[in-house]
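Notes follow the structure.
Values quoted throughout were computed directly from the atomic coordinates according to the rules given, and no laboratory measurement underlies them. Only a predicted model underlies this, so the values are computations on that prediction, with no experimental measurement involved. Every residue, glycine as well, gets a Cβ built from its backbone with ideal geometry; the counts of neighbours run over all protein chains shown.
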Amino acid sequence: MSNQLNKKSIAKNYAFLAVMLAAMVLGCIVGWVWPAAVDADGSVLSGTGATVLKPLGTVFINMMFCIVVPMVFASISSAVANMESRRRAGKIMGVTIATFVVTGAIAAVIMYFLMRLFPPVLVPWTEIPAEEMGEHATMAQMIVNFFTAEDFVGLLSRRAMLPLIVFSILFGFGVNLNGGRSTPVGKFLEDLSGVMLKVVKIVTYYAPIAFFGIFADLVATYGPQITENYGRALLVYYPLCLVYVFTAFPLFAWFGGGRQGVRMMFRHIAKPAIVSLGTCSSVATIPTNMEEAEDTGVSKDVSDIVLPLGATMHMDGSCFSCVLKIAFVLGVFGVPFEGVGMLVKVVLVAVLSSVGMSGVPGGGYIGEYIICSIFFPNQMELAYPILVAIGNLVDPPATMINAAGDYVVSFIVSRFVDGKDWLEKALRKSSRK
């Protein structure tokens, strides 16, 4: 454990995040001291002050737009195609995904009502016509647009992220049924997924320069309002994560393993939580989660499916941040964050978009595209950098909730697969050794 968490590795894992935040702060300072000029009506004049730095960010955004579609298709279809699940494993996977959906929905609903009570943006930065938000779509149309595109070409647009995810899952299952990992298509998808992650990594090296330009432009245009709004968002998010660990996690552990489940959860959850904070990665926490699940008595086939799958699909912390991002940007545009329709839409997007979150540092970029494609398709240039900035600011506690939560979910899955008394049996077996 000490080898994993030495100071050098922690510094290395957080180095890029620190550079990103430093670039954002520097951009804010430049925008503050070099504000944009305004005309007689108070409208900002483009190309004045630090707004001249905006193209630095636009280049990055356009590059990411070009990458996101093949990356989503390759990563998700490859993961599904290469699963080795039969009968019991299929049951484990079904219960696992259902649990992910339920816990993610709970997290999204909690954050929705918190955002109603404590909205992060009190005064709009800018106004947009209501019809541009797609507010007039019926519930039936919304569901259709969530899961399908009109044709195959429509799937290749960044504005159809959720339909692309659904297609990728179906395509992956098709490959899996046709032979999976051993087939040429299975191998191609696995290689393509690895290649796209490398491409994203290459492009991400440019991100600090891009976010310097983006935030210089934002502060030059919108002023000190930005700092105040981000501060309000963090004051809600960070305490919520702490409260969630000590309320929701014990409830999940009690449901999965009874009274002894809560005690065992608190005994073993510290290591995954610390590793996730030290690495800022759900995937990097898998070995520790596996070790703690084995020590707890979780069946190996349960942990072998739940924990790797959870690293990319179980995202309660990301559901929190997804709702926060939506509420934040709707506030920026002066769009009301209220109503049953909005609640349903926000929860669906939060839960479904978590499937597209990668378990590597910085992988949340896909989630921002999904949010933009549903809520802000015509305002991506402003909405996207705001969403990514929030993602960077809340990434450590979000990853901790995601990764440590994978271990807790293994309790729930064990209850349905191995029976209510699975933990008692495991403890009795351990005591005989």
Using 1/(1 + (r/R0)^6) with R0 = 56 angstrom and r between the beta carbons of TRP34 and LEU170, what's the FRET efficiency to the nearest 0.05?
0.65
Simple spin-label model, 7 Å along Cα-to-Cβ: TYR206 to PHE152 in nm?
3.0
Would you mind checking LYS91/LYS345; LYS91/LYS201; LYS345/LYS420; LYS201/LYS300; LYS300/LYS345 for any pair whose Cα atoms are more than 31 angstrom apart?
LYS91/LYS201; LYS345/LYS420; LYS201/LYS300; LYS300/LYS345
Ranking VAL38, VAL302 by Cβ neighbours within 10 Å, fewest first, what do you get?
VAL38, VAL302
Give me SER430, SER282, SER303 ranked fewest to most by other Cβ atoms within 10 Å of their Cβ, as a rough exposure proxy.
SER430, SER303, SER282
Residue order, fewest to most surrounding Cβ atoms within 10 angstrom, among ASP301, ASP217, ASP395:
ASP301, ASP395, ASP217
What is the distance, in nm, between label points placed 7 Å from the Cα along the Cα-to-Cβ direction at LEU177 and at GLU424?
4.1
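Between PHE255 and VAL144, what's the calculated FRET efficiency when r is the beta-carbon distance and R0 is 41 Å? Round to 0.05.
Efficiency, rounded to the nearest 0.05: 0.75.
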Taking the simple approach of a point 7 Å from Cα along Cα-to-Cβ for both VAL25 and LEU45, what is their distance in nm?
3.3
